[in-house]
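Please read the structure below before turning to the comments.
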Amino acid sequence: MMKNFGSSPLHNSNNHQTPNHIRERHHRKHGLLCALPWRFSLRGYGFCMAALFLFCFGSLCYQLNGGASRILLDIRQYLGKNFFFFFFFFPPISSQVIYNRVGKCGSRTVVILLRLLAEKHKFNLVSSDIHNKTRLMKQEQVDLVKNISKIPQPFLYTRHVHFMNFTRYSGAQPVYINIIRDPISRFLSNYFFRRFGDWRGEQNHLIRTPGMKDDERYLDINVCILENYPECSNPRVFYIIPYFCGQHPKCREPGVWALERAKQNVLENYLLVGILEELEDVLLMLERLLPHYFSGVLDIYKSPEYRKMGNLTGTVRKHTPTLEALQVLYHRMRYEYEFYDFIRDQFHLMKKKIGLRSTSRLPVYPPDFLRELALRTPEPLDEDEELDSDLEDANSWLVHP
């Protein structure tokens, strides 16, 4: 005799459930579903708290030590490469900033802005009145580190000086910033500025270079380049890289060693290095990365009052050399251009990471036609020859009120 399982009490209990059973089962399902999001929210809460703790701990280290610890700098470098957006939206607190400005790369424009910003945001702006000594002896470096460390924080120190590693002299490493420009444009601006000044008046450059004779003052730029005058050949045209390479004697020798060391210092010690050809984007980045120094800088820069004052810093009587002279100069400055291309690429990558959409200007002197001639450059002069005094950007009118 076969059993009828369909009529068994167990079978009937599964197929004919009461409303209470159904309600109880729904409650069990909803209870499990509600537990899942609660579990995930706790994990997210823990992550947020850990990030907040790291941020607060880093800020505390900045305030107590006048700068970040080595481990925090390593974390910042890692996050800067992989999670740049984190530092864009949550910028670190930097109480020590150094702008070791490169001559004829818009430094007077930026210093004017900093004067106005320092008054607005109440930070200490210290502009050195030394303009013709970028390379320092060891004791001079020690003294400068001590003097800078004594400035009340927050401060921004600015001077024409090659990069220095403060940790080598037991100092807290500050945040570095800088701006460079197309190397040939910088060279031409300096060449004509030394001779004819800017729109502030003829008497300024006469006071600045009183010993310059007329045959030197009115020397044709093409003759200077094509006939290998010292002012227009290496090592004098090797100018930008030493600012980032540092104080080592080899930093003044045009070559791969100085180039690679300059790149390394930029990656490890500079918060931002911009290019003058995209100055507004540079100011926007500084405003975002260092808001307690640069907040509102674009409003000031675009104001009619500033424009009128800033236009006076343009070099007068500047003109472009012949194509042949440009090609010769380009090949003498090939390391400078490799560094400039590196900085421009890094700056564009930074803009891309934060979603800054702006039109990048074409190079002032496109490499295509400058590379047409494979020319040899003359051998550099002796490394210990003192050459800075007549290459520095004279800003004495701006340093003190």
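The values are calculated or read from the model by the stated rules, or taken from the named source; none is laboratory data. Keep in mind the model is a prediction, meaning the values are calculated, not measured. We place every Cβ from the backbone using ideal geometry, glycine too, and count neighbours over all the protein chains shown.
Looking only at region 315-330, count how many residues are in a helix (DSSP H, G or I) and either surrounded by fewer than 16 Cβ atoms within 10 Å (Cβ to Cβ) or among the hydroxyl-bearing types (S, T, Y) (or both). Before you say what the answer is, go through the steps one by one.
Kept after step one, since they are in a helix (DSSP H, G or I), are these residues of region 315-330: 323-330.
This time we only want the ones that are either surrounded by fewer than 16 Cβ atoms within 10 Å (Cβ to Cβ) or among the hydroxyl-bearing types (S, T, Y) (or both), so: 323-324, 330.
Summing the residues that are in a helix (DSSP H, G or I) and either surrounded by fewer than 16 Cβ atoms within 10 Å (Cβ to Cβ) or among the hydroxyl-bearing types (S, T, Y) (or both) in region 315-330 gives 3.
Quick one: is R181 at pLDDT below 90 and either closer than 23 Å to R332 by Cβ or surrounded by fewer than 22 Cβ atoms within 10 Å (Cβ to Cβ) (or both)? Steps first, please.
On the way: at pLDDT below 90: no; either closer than 23 Å to R332 by Cβ or surrounded by fewer than 22 Cβ atoms within 10 Å (Cβ to Cβ) (or both): yes.
For R181, the condition - at pLDDT below 90 and either closer than 23 Å to R332 by Cβ or surrounded by fewer than 22 Cβ atoms within 10 Å (Cβ to Cβ) (or both) - is not met.
Mind checking which residues of region 105-158 are in a helix (DSSP H, G or I) and within 30 Å of I184 (Cα to Cα)? It would help to see each step written out before you state the result.
Step one: of region 105-158, the residues in a helix (DSSP H, G or I) are 107-121, 138-149.
Across region 105-158, the qualifying residues are S107, R108, T109, V110, V111, I112, L113, L114, R115.
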* Quickly run through region 111-131 and pick out the residues that are over 13 Å from I98 (Cβ atoms), touching a Lys or Arg at 6+ places or on another chain (Cβ under 9 Å) and among the aliphatic types (A, V, I, L, M). => V111, I130
* Would you check if there is a residue in region 367-389 being at pLDDT below 80 and either closer than 18 Å to R101 by Cβ or outside the structural domain of C245 (by TED's automatic domain parsing) (or both)? => yes
* To do: Identify all residues within region 159-175 that are hydroxyl-bearing (S, T, Y) and assigned to a loop (DSSP other than H, G, I, E, B); write none if there are none.
  => S170
